[in-house]
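The structure appears below as structure tokens.
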Amino acid sequence: MDSCPTVIDLFCGAGGLSEGFRQAGFQVLLGSDIDPTFGTTFAKSHHGALFVAKPIQALTSAEIMSATGLGKGQLDVLVGGPPCQGYSVY
């Protein structure tokens, strides 16, 4: 794993919030969203990051840690994006 700080993005959509963290020097490890169609865009924008398509209620911390290789206390930032449907013309 790189020495830069790490981030996981819940409710990531196509990865806009993740992109901001990437540009700020963070390593994006994983994004999760209920809509699997976002996975293609997220994966193309965040090379090396995993995308998990499932409801947040079904995503466990053990699954995240296993998928990313993180140990307890190793994640630097956990973010959750606000829904953009009400704010976007797209």
- Item | Simple spin-label estimate for Gln23 and Ile56 in nanometres, 7 Å along Cα-Cβ | 2.4 nm
- Message: Once neighbouring chains are kept in place and the probe is 1.4 Å, which whole percent of the accessible area of the chain is contributed by carbon and sulfur?
- Response: 58 percent
- Query: So for the chain, what are the equivalent ellipsoid semi-axes in whole Å, largest first, each being the square root of 5 times an eigenvalue of the Cα gyration tensor?
  - Reply: 20, 15, 11
- Under the Karplus relation 6.51 cos²θ - 1.76 cosθ + 1.60, θ = phi - 60°, what is the ordered set of whole-Hz ³J(HN,Hα) values for region 49-66, x standing for Gly and Pro? 8, 8, 10, 10, 9, 6, x, 4, 5, 9, 9, 9, 5, 5, 5, 5, 5, 5
- Query: Tell me, what is the per residue accessible area of the chain in Å², probe radius 1.4 Å?
  - Reply: 63 Å²
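The values are calculated or read from the model by the stated rules, or taken from the named source; none is laboratory data. In this text the structure is predicted, and so the values were computed from the model without any measurement. Cβ coordinates were reconstructed from backbone atoms using ideal geometry, including for glycine residues, and neighbour counts include every protein chain displayed. For accessibility, only protein heavy atoms count, side chains too; no ligands or nucleic acids. Shrake-Rupley method; radii C 1.70, N 1.55, O 1.52, S 1.80 Å.
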